[in-house]
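Right, one structure below, let's go through it.
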Amino acid sequence: MFAKSLPSLFTIGNLFLGIVSIILVFNDKPEMAAMMVIIAMLLDGVDGRVARALGVTSEFGKELDSLSDVISFGVAPAFIMYVVAFQELNSDAASWIVTAIFPICGALRLARFNVVSNVAPGYFIGLPIPAAGGILATLALFHNDIQPWVLMASTLGLALLMVSTVKYPNFKKIGLPKSAIWSIPVVVGIAVVLGIAFPDQLSKIIFVPLLLYALYGLKKNVNVQGRLRRRRRAQGDEDLEERRRKRRSV
């Protein structure tokens with residue numbers, strides 16, 4: 001019975017940390033709030049793998065995971081950014097709208113994933129909400145070095161990437177040996193201890209690979225679009241040459 005509930009416990013842990021993150025940022029602890037989002041990402045990364053390893057995947061777990069992700073990687077990061085950066089702006093309306101747009105796009109991204117998850121095997125369509133939320137939560141920690149309007153534009157950019165058709169590598173299919181499942185709580189425990197001890201430094205370090213992941217998808221999409229344009233141009237040139245040959249033969 002406990003084994004069957006284990007994946008859901010990880011998912012609930014993810015949700016719990018998202019709620020704690022919101023509480024922390026409204027208590028002037030943005031570094032710790034961002035760290036809670038990062039640890040929630042770790043839990044989100046293992047719940048599905050544990051479920052597949054134990055053979056206990058279910059629609060209930062899938063829906064619970066999506067609902068938890070909206071809070072932990074949509075609402076919590078948006079509030080972190082709002083509290084540390086957007087409140088400095090003179091326009092309350094713009095701050096509220098951008099803060100709301102991010103979790104809304106995250107919810108749309110999750111809904112699309114649940115309906116059309118197998119369109120591109122091996123890839124996510126749109127930036128996954130855990131990555132987007134992780135980037136936003138850690139980006140907020142640089143609020144003293146970056147202008148608020150740049151942070152606002154970045155928030156909108158991440159929101160649009162979530163609902164875009166840009167392809168991102170899907171690492172969720174990497175399996176987890178059944179024998180390794182019971183070591184996961186130890187790994188999570190170590191992550192929590194390190195996160196509490198070094199919230200600011202770790203969060204800023206983790207920002208870098210998350211940002212590279214987001215940029216990788218954009219670069220790959222640009223390369224693909226470029227190849228498609230060159231192919232269409234070459235096809236058009238071939239068609240034009242073919243028409244010229246037909247005219248000469250006539």
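The values are calculated or read from the model by the stated rules, or taken from the named source; none is laboratory data. For clarity, every value in this text was computed on a predicted model and none was experimentally measured. Counting neighbours? That spans all protein chains shown, and the Cβs are built from the backbone with ideal geometry, glycine included.
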Residues within segment 157-205 that are at pLDDT 85 or above and closer than 14 Å to V46 by Cα, tallied: 0
Options V25, V98: the member that is touching a residue at least 12 places away in the same chain (Cβ under 8 Å), among the aliphatic types (A, V, I, L, M) and closer than 21 Å to V163 by Cα: V98
Subset of segment 100-121 (residues that are modelled with pLDDT of 95 or more, in contact with a Ser or Thr (Cβ under 8 Å, 6 or more places away or on another chain) and not aromatic (F, W, Y)): I101
Residue match in segment 95-102 (condition: of a type outside the set (A, V, I, L, M, F, W, C) and either surrounded by fewer than 22 Cβ atoms within 10 Å (Cβ to Cβ) or farther than 16 Å from L17 by Cβ (or both)): yes
Selection count where residues are part of a helix (DSSP H, G or I) and without any contact (Cβ under 8 Å) to a residue 24 or more places away in the chain, scope segment 28-62: 1
Residue among L127, L151 that is under 22 Å from D44 (Cα atoms) and either touching an Asp or Glu at 6+ places or on another chain (Cβ under 8 Å) or touching a residue at least 24 places away in the same chain (Cβ under 8 Å) (or both): L127
Residue, surrounded by the fewest Cβ atoms within 10 Å (Cβ to Cβ), within segment 118-152, restricted to residues that are under 17 Å from the mean Cα position of the chain (by Cα) and not in a helix (DSSP H, G or I): G122
